[in-house]
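The block underneath contains the structure these notes are about, expressed in structure tokens.
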Amino acid sequence: MPTINVNGRDHAFEGNPEMPLLWFLRDVAGLTGTKFGCGMALCGACTIHLDGVATRACVTPVAAALTAKVTTIEGLSVDGDHPVQQAWKELNVAQCGYCQAGQIMQAASLLKQKPKPSDADIDATMAGNLCRCGTYTRIRAAIHLAVVKTGGAA
Amino acid sequence: MSADGQIPVKPLDVPIANESRRAFLFGLGAGALVLAVGLPAPRALAQEAKKYGGDGMPGGLKDDPRTFIAIDADGTVTILNHRAEMGQGVRTSVPMIVADELEADFSRVRVRQAPGDQETYGNQNTDGSRSIRHAFAPLRRAGAAARQMLEAAAAAAWAVPASEVRAVNHELVHAKSGKRAGFGAFAEAAAKLPVPEAATLRLKAAKDFRYIGKDGRALVDNDDIVTGKATFGIDVRLDGMLYAVVARPPVYGGRVRTHDAKAALAVPGVVKVVPLDGAPIPSAFLPLGGIAIIAENTWAAIEARRKLAIEWDDGPNAGYDSAAYRATLETAVRAPGKLVRDAGDTYAALERAPNKIAAEYYIPHIAHAPMEAPVATVRITDGACEAWASVQAPEAARTLLAELLKLPKEKVTIHQTLLGGGFGRKSKPDFIGEAALLSKAVDGKPVKVTWTREDDIVNDYFHTVALERIEAGADAKGKPVAWLHRTAAPSIGSLFGPDTKHQRAGELGQGLTDLGFFGVPNLRIENPEAAAHTRIGWFRSVYNIPHAFATQCAVAELAHAAGRDPKDMLLDLIGSPRQVDPSTLAEASNYGEDPKVHTVDTARLRGVVDAVAKASRWGRTLPKGRGLGIAAHRSFATYTAAVVEVEVAADGTLRIPRVDIAIDCGLQINPERVRSQMEGSVIQGISLALLGEIRFAKGRAVQTNFHDYTLTRIDGAPAEIHVHAVNATDASLPLGGVGEPGLPPVPPALLNAIFAATGKRIRTLPVRDQLRGG
Ligand code: FES
Ligand code: FES
């Protein structure tokens, strides 16, 4: 039986391999941290890591995840202490919080690729993640703070 | 699944009733029992007098400590939050208030979410920027009463006068004897004492507040939000739950003529196809009807819905067309309409004025588009129904479900989850009604109805469309002498009453009939007719959006016509400091507040203008292509003013280097969340001004998802937002709202800034590409 590795754990999958990974995670695996916002790769609410790279789960078929490692917000860190998560808490970034799992996964992926992003880098990479509550200025600040928390730089 | 077979929601959100194994000493929920004497809210005693504020809301205010506070034997304090959390921070602010008066150590406080039960908790309708404005006083009383009960219990045990025992930071202290003990030690005894009379409560002096008014409080849900554990409506999971989506009529008032579900039923995982009756016009909170697919997972339901063949009868709104409707509104505002406020002789004064303007402003429909679209889960067992939903109005949901399922209201339980944004959309429980009907269709099994983004945008309760015409005049010295405003916009009343053609008093009272312009001697406001052709609903700050947009743009236009500075013109229009009872100006709803207490206070309106002008260094010289715009507004008994700075490149590309916004809502309970609400309002205001539009053609919303219903993204957000608090520690002022008042001044300040930068006056929202091509 095909399996999908999510946050280090194998999940069996018997259904239609065209099912978007988002719905597998939420409805089948019961991992509801990854959110549904648009279903068309327009909002970033469903952002997960596929082999460490930010990916929109709503347009990624389960088939594409069979050979990859999937990380969701639930698996980003053991104790919720990833520098991005810490920074998000310290600056009270969230309003309703619904978009924030996607924002955090996108930001963590950005910092992996660019450990010291400028505001322009942040805007370019985070522009795929909508926040209807309008937390953008705090997201920018929190990403800079996460850089500091990572230790290497300021 | 959790141990009790319920949803794996975080303990914070588990309904209180499930907590029987914990020995709560102030029995949470006991308020529903006969012994609930409660504390009569002061004004509730005056039976005959008109009730205002929270007392005037259905269900009123409750302040029984036994309803809102529980203390464990180990001293853990549990505070019930009875309002919907949708990003405004109420789950953090409510416990700040109660814990402060209780003298609790905040690190030992937990928050629990109340179910929808207006009789027990008082009004829970979370909109109108009311939560803290209304609940501050009763929650303080609840906290203080519990504190005094603990003090009395300790005094009795120690055989000392109660007046000598004080609660200090989660302990009871008798200074003379040096005795001290934690709250837990006396919780049980305290719970058996009578609740003190309101008159005997010792509320704290403002200087003694530990949490109220203190900045930097961390959100109680931070840990859950950043780890993905927070439970929103869409995250509810029940044993044996089925998943549904609904194909709804694309036109308001439409119905299914015929449908063929063969192909849909063939999709693996589909359980049932259920036709739902269409809603009559006006539909109020009723589900819109259509064809529902129930399946084993959301994706199967969505896939099957694609395969439905449906022929619609579009009904009477089939011809709704935005371009044609705009022309209808233009015709309406070019002739006199129903007079709703009048001072002086405006027509004659306009005639004589040497400097004048006549301008028409168009504000299109917009969709709420909360990041979490509507979702609800319902289960029916043994003649009782339980719903889990992200809903702003749990009592309205309860009433609707009782009606649809023909159950007594007591048999309907609404569990509040976190809301992934609300903005007014989730004040309407139609989506919960759908889940109830579908659960009934599968013998009460739990059914979760998910709205896709397309559903959310196409079948929203749209923010009204509006055409606002203003004619204004200034004398030879540039002093304002005449102001005529005609407003035409379909009313939200059209949801509930057929043939509603005029805005209701509460809608006109959002920035027009209560407009704080007393420096202009001739002022006239008229309301020509406008019929609704789709569902119109509350959107954050509601009619303040079109009213403030037109008014505050016209201020700058009149200033320009008279060769004056826009801020000076604004202050002239406001006039000298005074407090005006809005009920003397027109039929006023004043956001439900006492017009003699929550006056239109022009000193406060001037105050936010001055604050924001100073902070933004209004009047400074800017490089070419840059400009500043200003606007101010009173809404929800709060005063706000914004200055937006824009930079417009030669090709029309717009950037917003900085926004300053000042707010005077009186005492700020949770300054950190006030700031974040202002930041959010600024960005939402920019988004709707620059991008937001739903157009209708053939009765249908043209936009469907975020590719064509575009919203401001991080790359369009201001580089800096500065929030300025005015009168934030003045506890003598009547409290104002916070969730909505930040929005109205932002679009006009932005458009005024664009004019300052480019000389181009844009009167049709959204701006979109109107700056391109010179
Ligand atoms: S849900 Fe995947 S990008 Fe919006
Ligand atoms: S915090 Fe609400 S959508 Fe981003």
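Of note:
- Qualifying residue in segment A:64-76 (condition: surrounded by 24 or more Cβ atoms within 10 Å (Cβ to Cβ), in a loop (DSSP other than H, G, I, E, B) and β-branched (Val, Ile, Thr)): yes
- Candidates are the residues of segment B:708-725 that are in a loop (DSSP other than H, G, I, E, B) and of a type in the set (D, E, K, R); the one that is nearest to the other protein chains (Cβ to nearest Cβ) is B:Arg713.
- The residue of segment B:496-553 that is surrounded by the fewest Cβ atoms within 10 Å (Cβ to Cβ), among those that are assigned to a loop (DSSP other than H, G, I, E, B) and of a type in the set (D, E, K, R), is B:Asp499.
- Residues of segment B:727-746 that are in contact with a Leu (Cβ under 9 Å, 6 or more places away or on another chain) and more than 10 Å from B:Ile545 (Cα to Cα): B:Asn727, B:Ala728, B:Thr729, B:Asp730, B:Ala731, B:Ser732, B:Leu733, B:Leu735.
- So B:Pro374, is it at pLDDT 95 or above and either within 16 Å of ligand 2 (Cβ to nearest atom) or surrounded by fewer than 17 Cβ atoms within 10 Å (Cβ to Cβ) (or both): yes
- Residue match in segment A:40-62 (condition: at the interface with chain B (Cβ under 9 Å from one of its Cβ atoms), open to solvent by 30 Å² or more (accessible area, probe 1.4 Å), away from ligand 2 (no atom under 16 Å from the Cβ) and assigned to a loop (DSSP other than H, G, I, E, B)): yes
- Some residue of segment B:219-234 being away from every other protein chain (no Cβ under 14 Å) and of a type outside the set (Lys, Arg): no
- Number of the condition not met by A:Gly33 [criteria: (1) more than 16 Å from ligand 2 (Cβ to nearest atom); (2) crowded, with 23+ Cβ neighbours inside 10 Å]: (1)
- The single residue among B:Asn705, B:Asn752 that is within 14 Å of chain A (Cβ to nearest Cβ), over 21 Å from the mean Cα position of the chain (by Cα) and polar (S, T, N, Q) turns out to be B:Asn705.
- Exactly one residue among B:Ser283, B:Ser322 is over 30 Å from A:Thr60 (Cα atoms), open to solvent by less than 30 Å² (accessible area, probe 1.4 Å), in contact with a Phe, Trp or Tyr (Cβ under 6 Å, 6 or more places away or on another chain) and among the small types (Gly, Ala, Ser), and that residue is B:Ser322.
- Looking across segment A:108-125, the residues that are open to solvent by less than 20 Å² (accessible area, probe 1.4 Å) and either farther than 18 Å from B:Ala719 by Cα or without any contact (Cβ under 8 Å) to a residue 24 or more places away in the chain (or both) come down to A:Ala108, A:Ser109, A:Leu110, A:Ile122.
- Considering segment A:105-137, and only residues there that are within 7 Å of chain B (Cβ to nearest Cβ) and of a type in the set (D, E, K, R), the residue that is nearest to B:Val723 (Cα to Cα) turns out to be A:Arg132.
- Among all residues of segment B:193-201, there is at least one that is more than 35 Å from the chain's Cα centre (by Cα) and away from chain A (no Cβ under 14 Å).
- When segment B:208-218 is filtered for residues that are more than 12 Å from chain A (Cβ to nearest Cβ) and of a type outside the set (A, V, I, L, M), the ones remaining, listed by number, are B:Asp208, B:Phe209, B:Arg210, B:Tyr211, B:Gly213, B:Lys214.
- Within segment A:44-68, residues that are within 19 Å of A:Met126 (Cα to Cα) and assigned by TED's automatic domain parsing to the domain that holds A:Ile104 reach no partner that is open to solvent by 20 Å² or more (accessible area, probe 1.4 Å) and more than 16 Å from ligand 2 (Cβ to nearest atom) with beta carbons closer than 7 Å at six or more positions or on different chains.
- Qualifying residues in segment A:127-154 (those that are touching a residue at least 60 places away in the same chain (Cβ under 8 Å) and within 16 Å of ligand 1 (Cβ to nearest atom)) - the one most open to solvent (accessible area, probe 1.4 Å): A:Gly128
Each row is one residue, and each column tells you yes or no for (1) away from chain A (no Cβ under 12 Å); (2) surrounded by fewer than 24 Cβ atoms within 10 Å (Cβ to Cβ); (3) part of a helix (DSSP H, G or I); (4) within 16 Å of ligand 2 (Cβ to nearest atom).
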{"position": "B:Gly422", "(1), (2), (3), (4)": "no, no, no, yes"}
{"position": "B:Glu434", "(1), (2), (3), (4)": "yes, no, yes, no"}
{"position": "B:Gly444", "(1), (2), (3), (4)": "yes, yes, no, no"}
{"position": "B:Glu454", "(1), (2), (3), (4)": "no, yes, yes, no"}
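- Single residue of B:Arg606, B:Arg620, B:Arg626 found to be open to solvent by 40 Å² or more (accessible area, probe 1.4 Å) and either more than 23 Å from B:Phe549 (Cβ to Cβ) or among the polar types (S, T, N, Q) (or both): B:Arg620
- Checking A:Asp10 against (1) surrounded by fewer than 22 Cβ atoms within 10 Å (Cβ to Cβ); (2) within 25 Å of B:Glu303 (Cα to Cα), the condition it does not meet: (2)
- Boolean, A:Thr32 is assigned to a strand (DSSP E or B), within 16 Å of ligand 1 (Cβ to nearest atom) and modelled with pLDDT of 95 or more: no
- For segment A:19-37, a residue qualifies if it is more than 9 Å from chain B (Cβ to nearest Cβ) and touching a strand residue (DSSP E or B) at 6+ places or on another chain (Cβ under 6 Å), and exactly one does: A:Ala29.
- Pairs where the first residue, in segment B:122-149, is acidic (Asp, Glu) and the second is modelled with pLDDT of 95 or more and assigned to a helix (DSSP H, G or I), C-beta under 9 Å, 6+ apart: B:Asp127/B:Lys426; B:Asp127/B:Ser427
The values are calculated or read from the model by the stated rules, or taken from the named source; none is laboratory data. Given the structure is predicted, the values throughout are model-derived calculations rather than measurements. We place every Cβ from the backbone using ideal geometry, glycine too, and count neighbours over all the protein chains shown. To get the accessible areas, we keep the full protein, side chains included, count just its heavy atoms, and leave off ligands, DNA and RNA. Shrake-Rupley method; radii C 1.70, N 1.55, O 1.52, S 1.80 Å.
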